[in-house]
Amino acid sequence: NTSESLTRNEITKFIAKDKKAVQKARSRLRASNHIILTFGNILNFACVAEMAQRTNTPPRFLRLFQSEDIGFRMNYNGAMKSLGYELKAFSYESTLEASKSLIDGISKLNPNAKILLTLSPVPIDNALGIKSNICSSVTLDCYSKSILRTCIQNLLDTNYNVKYFPSF
């Protein structure tokens, strides 16, 4: 519940659960012959203090809640804002940097795996609370998919060991 404070014990339990999930994902990546990565959108939360210092904060590949409840989304955005984050659309440069880092990390875990990239056809359905000059979620979705598709092409063009499946 993002409207309530968490105790240190609850936070420790969440961290332990996430560590187990990361360890499981790492094991599965090492054992896989084929890995499919689907790029969704360029929206994520960024630390306001880091942005003020003009550091290049790459997008974080967070597990965001997929609730359709507008009230929940607003509470979640409000909770993140109270922690010093804001929802924003990341730039091409920071998205490409994060994409390369993701591919490099997977390749280090499993250099023999074949990586297939796809671009999700699922649109951004709202942009509640976003800091952007783009007001429409339709326009923001087009912008986001364009940046992601261009990043995928860069990965293909720079001899990364990836292939692209045009599902979008």
- line: Residue-ordered couplings for the stretch 30-43, obtained by feeding phi - 60° into the Karplus form 6.51 cos²θ - 1.76 cosθ + 1.60 and rounding to whole Hz (Gly and Pro as x), are 5, 8, 8, 8, 10, 10, 10, 10, 10, 8, x, 7, 9, 8
- line: Taking only protein heavy atoms and a 1.4 Å probe, the highest-to-lowest accessible-area order of 100, 20 is 20, 100
query: Amide H to amide H, which residues 5 or more places from residue 114 or on other chains are under 5 Å from it, using H placed in the peptide plane?
result: 34, 35
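Show 141, 18 ordered by accessible area, largest first, where the area counts protein heavy atoms only and the probe is 1.4 Å.
Listed by decreasing accessible area, they come as 18, 141.
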- prompt: To the nearest 10 square angstrom, what accessible area does residue 24 show with a 1.4 Å probe?
  reply: 130
field: Karplus-derived 3J(HN,Hα), 6.51/-1.76/1.60, for each residue of the stretch 146-151, Hz, glycine and proline x
entry: 5, 5, 5, 5, 5, 5
- prompt: Applying the Karplus parametrisation 6.51 cos²θ - 1.76 cosθ + 1.60 with θ = phi - 60° to the phi angles of the stretch 108-113, what ³J(HN,Hα) value in whole Hz is obtained for each residue in order, glycine and proline being reported as x?
  reply: 5, 5, 8, x, 9, 5
field: Accessible heavy-atom area order of 134, 15, highest first, probe of 1.4 Å
entry: 15, 134
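The values are calculated or read from the model by the stated rules, or taken from the named source; none is laboratory data. Just so it is clear, the structure is predicted and the values come from calculations on it, not from any experiment. What goes into the accessible areas is simple: the full protein's heavy atoms, side chains included, and nothing from ligands, DNA or RNA. Shrake-Rupley method; radii C 1.70, N 1.55, O 1.52, S 1.80 Å.
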